[in-house]
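The values are calculated or read from the model by the stated rules, or taken from the named source; none is laboratory data. These numbers come from a predicted model, not from an experiment. Note: ideal-geometry Cβ built from the backbone for every residue, glycine included; neighbour counts use all protein chains shown.
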Amino acid sequence: MRGRYFRHILNFKRPSGTSRGVLTTKETWYLILEEKGRTGIGECGILRTLSIDDRPDYEDKLIWLCDHLHLEPHEIYEALKEFPSIVFGWEQALLSLRSESPFILFPSDFTAGKQGIPINGLIWMGDPEFMQEQISDKLKEGFSCIKMKIGAIDFDTEVRLLKEIRKKFGREDVELRVDANGAFSEKEALKKLEILSRLDLHSIEQPIKAGNPEAMEKLCRNTPLPIALDEELIGVFDYEDRKSLLTTVKPQYIILKPSLVGGFKSSDQWIDLAGEVNAGWWLTSALESNIGLNAIAQYTYEQKNPMPQGLGTGSLFTNNIEAPLRVDNGLLSYNAEKKWDLPAEWGVTF
């Protein structure tokens with residue numbers, strides 16, 4: 001088996017704001033595996049400043065992987081456990097290599113175009129007018145679940161926007177989730193959660209910064225609004241540490257981004273551990289191109305979780321890969337009649 005890789009920069013159609021800043025581009029890496037005339041492709045979707053593997057030796061590890069594909073899988077997992085996005089790209093590429101179709105990693109009614117996956121509509125941070133415009137668009141597009149990024153603009157303004165939605169749509173009409181990306185201070189978090197809880201929200205993601213499980217445990221114990229751990233899971237590599245985190249914090253939900261937590265095998269482990277502490281969960285993409293989004297969506301469908309998932313980021317880029325994925329009326333679907341269209345300059349043929 002031979003491996004190679006290359007870097008690709010995705011360009012946002014419109015600058016997208018989070019509590020960590022405004023994004024205009026997104027770096028990603030593609031891993032290509034070749035064996036006996038067959039080719040597989042996977043995406044190593046690193047998120048600079050957030051991924052635990054945002055390290056100077058990232059490309060060195062890609063080189064190492066291409067030189068050590070002869071090792072047993074457990075040896076590669078162990079050697080790359082601190083590089084979760086590379087593990088995920090490798091898992092994808094292996095499945096792609098060994099599948100009848102390189103883009104059908106988990107054959108199902110989803111990949112046959114018979115079933116879709118309910119997803120949330122994502123509202124990016126920005127000025128109030130921009131956020132209101134996004135909200136209106138998502139509601140017109142038929143989304144029954146909306147996730148709004150908060151924490152970058154004035155909190156009162158964000159609450160006012162949420163109140164406007166609730167005036168027009170009750171909880172039975174639209175499920176509202178918010179994502180603070182750790183923007184609240186520990187001192188102010190509970191008070192803000194109390195205010196938000198009056199708006200019939202489903203949950204809040206990562207209200208305070210990751211890395212303080214004692215503070216998060218206290219917040220999860222006293223919160224009037226269900227809390228979902230997100231960034232808190234990043235960089236927790238070993239089974240016992242993962243188990244300790246969830247049994248200590250006892251969150252209401254966890255959110256799994258395979259590019260950030262180490263791919264399919266790690267996601268399976270987190271899901272099992274969540275069940276042990278009666279925590280719910282859902283899966284989310286992390287600004288991958290359609291290569292990574294396709295893999296996450298197929299894996300997600302296999303889990304049979306009826307909750308809306310976070311898989312709607314494929315339309316953000318001007319130079320994404322043409323793919324059979326489409327979003328319609330709040331569902332992510334796979335058009336089995338449409339072909340993938342990889343750029344000719346990639347030199348990748350199937």
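Take the stretch 237-268 and flag every residue that is farther than 16 Å from D179 by Cβ, surrounded by 19 or more Cβ atoms within 10 Å (Cβ to Cβ) and either in contact with a Leu (Cβ under 6 Å, 6 or more places away or on another chain) or at pLDDT below 95 (or both).
R242, L246, V261, S267
Give me the pairs: first residue in the stretch 267-279 and more than 10 Å from I254 (Cα to Cα), second residue aromatic (F, W, Y), beta-carbon distance under 7 Å, and six or more apart or on different chains, which are they?
Short answer, once both residue conditions are applied: Q269/Y239.
Identify, by number, the condition in (1) within 19 Å of G330 (Cβ to Cβ); (2) surrounded by fewer than 17 Cβ atoms within 10 Å (Cβ to Cβ); (3) of a type outside the set (V, I, T); (4) touching a Ser or Thr at 6+ places or on another chain (Cβ under 8 Å) that P128 doesn't meet.
(1)
If you scan the stretch 161-197, which residues turn out to be assigned to a loop (DSSP other than H, G, I, E, B) and either surrounded by 15 or more Cβ atoms within 10 Å (Cβ to Cβ) or within 21 Å of the chain's Cα centre (by Cα) (or both)? Spell out the reasoning first.
Residues of the stretch 161-197 that are assigned to a loop (DSSP other than H, G, I, E, B), as a first pass: 169-174, 180-183, 185.
Scanning the stretch 161-197 gives F169, V174, A180, N181, G182, A183.
Surrounded by fewer than 20 Cβ atoms within 10 Å (Cβ to Cβ), touching a Pro at 6+ places or on another chain (Cβ under 7 Å) and on the phi < 0 side of the Ramachandran plot: does that describe P107?
On the way: surrounded by fewer than 20 Cβ atoms within 10 Å (Cβ to Cβ): yes; touching a Pro at 6+ places or on another chain (Cβ under 7 Å): no; on the phi < 0 side of the Ramachandran plot: yes.
Taking the combined requirement at face value, the residue does not satisfy it.
Scan the stretch 93-104 for residues that are small (G, A, S) and part of a loop (DSSP other than H, G, I, E, B) and report the count.
First pass over the stretch 93-104, keeping only residues small (G, A, S): 93, 96, 99, 101.
So of that shortlist, the ones also part of a loop (DSSP other than H, G, I, E, B) come out as 99, 101.
Count: 2.
Scan the stretch 200-223 for residues that are touching a residue at least 40 places away in the same chain (Cβ under 8 Å) and either more than 15 Å from A180 (Cβ to Cβ) or of a type in the set (D, E, K, R) (or both) and report the count.
Summing the residues that are touching a residue at least 40 places away in the same chain (Cβ under 8 Å) and either more than 15 Å from A180 (Cβ to Cβ) or of a type in the set (D, E, K, R) (or both) in the stretch 200-223 gives 1.
Please find, within the stretch 117-152, the residue that is modelled with the highest pLDDT out of those that are under 21 Å from I195 (Cβ atoms) and part of a loop (DSSP other than H, G, I, E, B).
By that ranking, first place goes to I150.
Go through (1) part of a helix (DSSP H, G or I); (2) within 17 Å of Q115 (Cβ to Cβ); (3) in contact (Cβ under 8 Å) with a residue 40 or more places away in the chain; (4) in contact with a helix residue (DSSP H, G or I) (Cβ under 9 Å, 6 or more places away or on another chain) and name the single condition G292 misses.
(2)
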